[in-house]
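Shown next, in structure tokens, is the structure this report addresses.
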Amino acid sequence: MATGVPTIDSQVHAYERDRPERPWQGTLAGPAEVTGDDMVAAMDAVGVDGALLVSPYAMYRFDAGYAVEVHRKHPHRFGLIRPFDPESEAIDEQMAEWTATPGVVGARVMLSYGSYEADHPGVNRILAAGGRAGVPVNVMCSGQLALFRELARRNPDTQLVVDHLGLAQPFEPPAPPDPFADLGVVLSLAELDNVAIKISGACTLSHRPFPYPDIWEPLGTIFEAFGFDRCMWGTDWTRAANLLTYEQGVEAFRVTDQLSDSERARLMGGTLAKIYHWRPGTAE
């Protein structure tokens, strides 16, 4: 059913092959290369209008140069997000420069890849700077949910977004034996008004083949706790590439009978457009 609401993926990645001009700092599970053109082609094939293009920390760390290049080529299809270094001495200046960059819609903090406390000055400086700039700060916080909760309390004026359901997700099959073990803690985050959540990569937590029927009961509890005005669907492409196709990650949310048309419209684009103040077709 047509709704007039764009379909927007809350998290995708694009990257070039490892090369001296732009060397990888690590590895990311998935194809050897998924360029911006490749990502647009995948979206076009299944009717995804736009996506949040997150510069991949695993490969490029805090350098978002390639993501910016992709946006220059496809300015109407992507909103940009990059991770920030909590150990940097120039966070405020970097945030100001980043948020002045065309296409930027948010920032990111990788709590799952460091050892931080709730009073860490750099982490709090990133969150505060994002709040002042008026952009959501996306937080990779699987395994660090208690820390995330305290940071959200300390930064009530910043819109925070939990990446990937707040749950550890696999890079290779199979899914963990109890992929929703931390669900209770995730649900408790809904008490914080400044917290939204990406329903990204959810299909990779299924023990069943497409259309992944076993994810809907736990997802339903998240929808109930947060409400659809704080939940945003996404594929986490390309991290999910070894577990399912891009089409499957999209279509699982279209074919399910667990969502009404209005709920699906909000989950798959409407809520994201409101939280990030961005929708496909806008180049800035």
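Looking only at the stretch 137-146, count how many residues are surrounded by fewer than 24 Cβ atoms within 10 Å (Cβ to Cβ), within 21 Å of residue 121 (Cβ to Cβ) and touching a helix residue (DSSP H, G or I) at 6+ places or on another chain (Cβ under 6 Å).
2
Please list, ordered by first then second residue, the pairs with beta carbon atoms under 8 Å, 6 or more apart or interchain, first in the stretch 87-112 and in a helix (DSSP H, G or I), second hydroxyl-bearing (Ser, Thr, Tyr) and at pLDDT 95 or above.
94/88; 112/142
Provide a single number: the residues in the stretch 163-176 that are open to solvent by less than 50 Å² (accessible area, probe 1.4 Å) and charged (D, E, K, R).
Total meeting the criteria: 1.
How many residues does the stretch 26-61 contain that are assigned to a loop (DSSP other than H, G, I, E, B) and either basic (Lys, Arg) or modelled with pLDDT of 95 or more (or both)?
Count: 8.
Going by the conditions given, is residue 157 surrounded by fewer than 17 Cβ atoms within 10 Å (Cβ to Cβ) and assigned to a loop (DSSP other than H, G, I, E, B)? Step through it out loud before you land on a result.
Values: surrounded by fewer than 17 Cβ atoms within 10 Å (Cβ to Cβ): yes; assigned to a loop (DSSP other than H, G, I, E, B): yes.
Against the criterion (surrounded by fewer than 17 Cβ atoms within 10 Å (Cβ to Cβ) and assigned to a loop (DSSP other than H, G, I, E, B)), residue 157 qualifies.
Scan (1) closer than 18 Å to residue 238 by Cβ; (2) open to solvent by less than 10 Å² (accessible area, probe 1.4 Å); (3) more than 17 Å from the chain's Cα centre (by Cα); (4) aliphatic (A, V, I, L, M) for the single condition residue 39 breaks and write down its number.
(3)
For (1) polar (S, T, N, Q); (2) within 14 Å of the chain's Cα centre (by Cα); (3) closer than 26 Å to residue 51 by Cβ, each residue gets a yes or a no:
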| residue | (1), (2), (3) |
| --- | --- |
| 75 | no, no, yes |
| 81 | no, yes, yes |
| 92 | no, no, no |
| 106 | no, yes, yes |
| 115 | yes, no, no |
| 124 | yes, no, no |
| 129 | no, no, yes |
| 140 | no, yes, yes |
| 144 | yes, no, yes |
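Kindly list the number of the only condition in (1) out of contact with any helix residue (DSSP H, G or I) (no Cβ under 8 Å at 6 or more places or on another chain); (2) crowded, with 18+ Cβ neighbours inside 10 Å; (3) within 28 Å of residue 230 (Cβ to Cβ) that fails for residue 51.
Just one mismatch for residue 51, condition (1).
Which residues, taken from the stretch 113-149, are at negative phi, touching a Leu at 6+ places or on another chain (Cβ under 9 Å) and not in a helix (DSSP H, G or I)?
116, 117, 118, 120, 136, 137, 138, 139, 140, 141, 142, 144, listed by residue number.
With under 18 Å from the mean Cα position of the chain (by Cα) and acidic (Asp, Glu) as the only criterion, which of 229, 257 stands out?
Unique residue meeting the criteria: 229.
Does residue 67 satisfy the criteria of being part of a helix (DSSP H, G or I), under 22 Å from residue 200 (Cβ atoms) and modelled with pLDDT under 95? Steps first, please.
Details: part of a helix (DSSP H, G or I): yes; under 22 Å from residue 200 (Cβ atoms): yes; modelled with pLDDT under 95: no.
No, not satisfied.
Against the definition (at pLDDT 95 or above, in contact with a Pro (Cβ under 8 Å, 6 or more places away or on another chain) and farther than 20 Å from residue 137 by Cβ), how does residue 167 come out, yes or no?
No: the conditions fail for residue 167.
Considering only the stretch 74-121, how many residues are open to solvent by less than 30 Å² (accessible area, probe 1.4 Å) and among the aromatic types (Phe, Trp, Tyr)?
Residues in the stretch 74-121 being open to solvent by less than 30 Å² (accessible area, probe 1.4 Å) and among the aromatic types (Phe, Trp, Tyr): 3 in total.
The values are calculated or read from the model by the stated rules, or taken from the named source; none is laboratory data. Values in this document were obtained by computation on a predicted structure and should not be read as measured data. Quick reminder, even Gly has a Cβ in these numbers, built from the backbone with ideal geometry, and neighbours come from all protein chains shown. These area figures cover heavy atoms from the full protein model, side chains too; ligands, DNA and RNA do not enter into them. Shrake-Rupley method; radii C 1.70, N 1.55, O 1.52, S 1.80 Å.
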